[in-house]
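Scroll down for the structure; my scribbles are underneath it.
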Amino acid sequence: MVDVTALSDLARSRHLHVAVAESLTSGALASAVGAGAEASTWFSGGVVAYLPEVKEWVLGFPADRDPTSAECAEQLARGARELLDADLCVSTTGVGGPDAEDGHPAGTVFLGWATRDGAGHRRLALDGEPDEVLEATVEAAVQLLTFHAGRVDGAGDH
């Protein structure tokens, strides 16, 4: 189980609203974040967008583009942050395995992040079985949320 204590402490003390957007992790990240202390006061929610059309319709990522990319990760984070009016959002996309997909080896993961002031990404190259890749992705996404939660200002009342 992923420890979200530091994230929940920062989100509460800084009055942040936090969101997630998921493709690869299919709800596992939201489940982990939602288990944080008093999550109902700081966790805005999440969007699970698996189909390319859903990524486009809901989060603004064109269906004809590479879903395993930095571009996708950043747009998923921006789209969900805006949709859920959050101060901070992190997204997950990639190839869990066991096989390569669309020219990307298993374990290729992109995390995106977005705040009201900017966006970026982090690329991971993970080893292991699909369940291990997903677990490592959730852990890395929580770490990225925690990192940015310590650097972004909350918007106060949303």
*Return the residue satisfying two criteria in turn: it lies in the stretch 108-150 and is buried (at least 21 other Cβ atoms within 10 Å of the Cβ) and aromatic (Phe, Trp, Tyr), and of such residues it is nearest to the chain's Cα centre (by Cα).*
Trp113
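Given the structure, is Glu82 of a type in the set (Asp, Glu), closer than 17 Å to Leu124 by Cα and at pLDDT 95 or above? It would help to see each step written out before you state the result.
Numbers: of a type in the set (Asp, Glu): yes; closer than 17 Å to Leu124 by Cα: no; at pLDDT 95 or above: yes.
When the stated conditions are applied, Glu82 does not pass them.
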*Among all residue pairs at least 6 apart or on different chains, which show Cβ distances below 8 Å where the first residue, located in the stretch 10-27, is more than 28 Å from Pro67 (Cα to Cα) and the second is part of a strand (DSSP E or B)?*
Ala11/Val18; Ala11/Phe43; Leu16/Leu88
*When you scan the stretch 110-149, how many residues do you find that are under 12 Å from Val18 (Cα atoms) and either part of a loop (DSSP other than H, G, I, E, B) or aromatic (Phe, Trp, Tyr) (or both)?*
2
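The values are calculated or read from the model by the stated rules, or taken from the named source; none is laboratory data. Predicted model, so just to flag it, every value in this text is computed and none were measured. Neighbour counts are summed over all protein chains in view; Cβ atoms, including those assigned to glycine, are modelled from backbone coordinates with ideal geometry.
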